[in-house]
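Some notes on the structure that comes next.
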Amino acid sequence: MKKTLLVTGGCGFIGVNFVRLVLATRDDLHVINLDKLTYAGNLQSLADVEDHPDYTFVRGDICDDALIGDLFERHNIQAVVHFAAESHVDRSITGPDAFVRTNVFGTFTLLENARKYWLEHGRGNDESRFLHVSTDEVYGSLGKTGYFTEETPYDPRSPYSASKASSDHFARAYFHTYGLPVLITNCSNNYGPYQFPEKLIPLVLNNALAGKPLPVYGDGGNIRDWLYVQDHCEAILRVLDQGRVGQSYNIGGHNEKTNLEVVEKLCDMVDKRVGLLNNRPRRELITFVADRPGHDRRYAIDASKIDQELGWRPKFTFDQGMEKTVDWYLKNRSWSESVMDGSYQDYYETMYGKGK
């Protein structure tokens with residue numbers, strides 16, 4: 001029998017890529033994709049797999065206790081991969097309440113229903129797993145040297161990272177208190193196809209193509225470790241299948257770059273592919289803007305644990321991943337345009353009808 005896997009936030013950037021990976025590579029899993037379809041959830045991104053026999057989409061909120069309980073009962077959920085989250089730092093600064101509700105209370109609702117169904121009602125088995133997907137931002141900021149390990153103390157600096165740190169703690173507490181089979185992953189900055197255009201790489205790409213200013217915070221020297229989304233999704237599957245219950249695994253790309261380096265590379269790649277803009281390089285569009293409040297200076301992941309224990313390491317270098325990313329966006333301009341003009345939000349009503 002196939003195992004039913006509940007994927008929360010499966011219409012978001014990483015969720016879409018994960019759902020696609022599972023459907024393409026696994027015939028032992030049936031995916032239930034639960035997504036509220038907020039601004040960052042795009043059902044169009046999975047339009048070509050919506051009739052797949054091992055795929056079911058459910059529109060709903062992870063904070064809806066009755067809905068979550070019903071999903072566990074009706075589908076005999078035996079594994080959860082929890083992506084659903086408010087994730088944009090800038091939005092968390094201006095509106096932190098949504099981050100507390102979704103990232104903290106939503107995670108609690110999922111954990112509590114998994115506990116009741118698997119443990120209290122005895123419906124779990126030795127293969128039941130709850131994989132909570134988190135971020136390296138919970139660790140705070142690094143100096144010029146050093147790396148985040150799984151033992152690095154939490155030191156969140158934004159409402160977003162604070163909400164994710166809280167959800168990590170809840171997941172870990174459910175393992176220690178109840179014995180819930182929890183796994184946690186903390187990843188570095190993802191990039192690749194289907195990323196919402198408010199994030200750095202697709203934002204710069206779209207602005208560069210349109211000849212608009214390319215905003216860079218501060219001096220552009222903030223450093224992030226970049227992870228191609230396909231590598232991340234394969235790591236999550238590896239942890240789901242082979243990870244030790246109760247453990248955390250850091251997932252990084254071994255690609256530290258300053259924000260300015262990333263933006264300059266994107267400019268050069270777009271120039272090479274579509275030509276200069278009015279005979280001028282797109283680097284001239286770079287505009288330095290006031291820094292984000294509490295902007296962490298450097299993140300860097302030590303991913304040696306997942307390598308040593310589970311044999312995972314990234315396949316793509318930064319240059320390889322960026323080539324694939326830029327080419328995808330250039331070939332799928334209509335996808336970006338539908339997000340930027342808001343028409344992607346009409347897809348659900350077109351396919352399923354209003355109010356369903």
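Determine the pairs where a residue that is over 14 Å from Arg115 (Cα atoms) and free of Cβ contacts under 8 Å to residues at least 40 places away in the same chain, located within the stretch 64-75, has a partner that is not in a helix (DSSP H, G or I) and not basic (Lys, Arg) with Cβ atoms under 9 Å apart, the partner being 6 or more residues away or on another chain.
Between residues of the stretch 64-75 that are over 14 Å from Arg115 (Cα atoms) and free of Cβ contacts under 8 Å to residues at least 40 places away in the same chain and residues that are not in a helix (DSSP H, G or I) and not basic (Lys, Arg), the close pairs are Leu67/Leu34; Leu67/Val58; Leu67/Gly60; Leu67/Asp61.
Can you run down the residue pairs with Cβ atoms below 9 Å, 6 or more apart or on separate chains, where the first is in the stretch 218-245 and within 30 Å of Asp126 (Cα to Cα) and free of Cβ contacts under 8 Å to residues at least 60 places away in the same chain and the partner is surrounded by 19 or more Cβ atoms within 10 Å (Cβ to Cβ) and not small (Gly, Ala, Ser)?
Pairs that qualify, where the first residue is within 30 Å of Asp126 (Cα to Cα) and free of Cβ contacts under 8 Å to residues at least 60 places away in the same chain and the partner is surrounded by 19 or more Cβ atoms within 10 Å (Cβ to Cβ) and not small (Gly, Ala, Ser), are Asp241/Arg129.
Output the helices (runs of 4 or more DSSP H) that fall wholly within the stretch 239-344 and possess 3 or more residues being farther than 30 Å from Arg172 by Cα and aromatic (Phe, Trp, Tyr), or say none.
Output list reads 318-331.
Testing Ala85 on (1) touching a helix residue (DSSP H, G or I) at 6+ places or on another chain (Cβ under 6 Å); (2) buried (at least 23 other Cβ atoms within 10 Å of the Cβ); (3) among the small types (Gly, Ala, Ser); (4) in a helix (DSSP H, G or I), one condition comes back false. Which one is that?
Ala85 satisfies all of (1) touching a helix residue (DSSP H, G or I) at 6+ places or on another chain (Cβ under 6 Å); (2) buried (at least 23 other Cβ atoms within 10 Å of the Cβ); (3) among the small types (Gly, Ala, Ser); (4) in a helix (DSSP H, G or I) except (4).
Among (1) in a loop (DSSP other than H, G, I, E, B); (2) closer than 30 Å to Asp126 by Cβ; (3) among the hydrophobic types (A, V, I, L, M, F, W, C), where does Phe196 come up short?
Answer for Phe196: the failing condition is (2).
Return the pairs, sorted by first residue and then second, in which the second residue is among the hydroxyl-bearing types (Ser, Thr, Tyr) and modelled with pLDDT of 95 or more, the first residue lies in the stretch 135-159 and is surrounded by fewer than 20 Cβ atoms within 10 Å (Cβ to Cβ) and part of a loop (DSSP other than H, G, I, E, B), the beta carbons are less than 6 Å apart, and the residues are 6+ apart or on different chains.
Close Cβ pairs satisfying both conditions: Glu150/Ser248; Thr152/Tyr139.
Determine which member of the set Leu203, Leu240, Leu227 is of a type in the set (A, V, I, L, M, F, W, C), closer than 16 Å to Phe18 by Cα, under 20 Å from the mean Cα position of the chain (by Cα) and surrounded by fewer than 24 Cβ atoms within 10 Å (Cβ to Cβ). Walk me through how you get there before you give the answer.
Details: Leu203 fails: closer than 16 Å to Phe18 by Cα; Leu227 fails: surrounded by fewer than 24 Cβ atoms within 10 Å (Cβ to Cβ).
Within the list Leu203, Leu240, Leu227, the selection yields Leu240.
Consider Gly275 against the criteria (1) under 24 Å from Ser167 (Cα atoms); (2) free of Cβ contacts under 8 Å to residues at least 60 places away in the same chain: it satisfies all of them except one. Which criterion is unmet?
All conditions pass for Gly275, except number (1).
The values are calculated or read from the model by the stated rules, or taken from the named source; none is laboratory data. Please read all numbers here as calculations on a predicted model, not as lab measurements. Ideal geometry is used to build each Cβ from the backbone, glycine not excepted, and the neighbour counts take in all protein chains shown.
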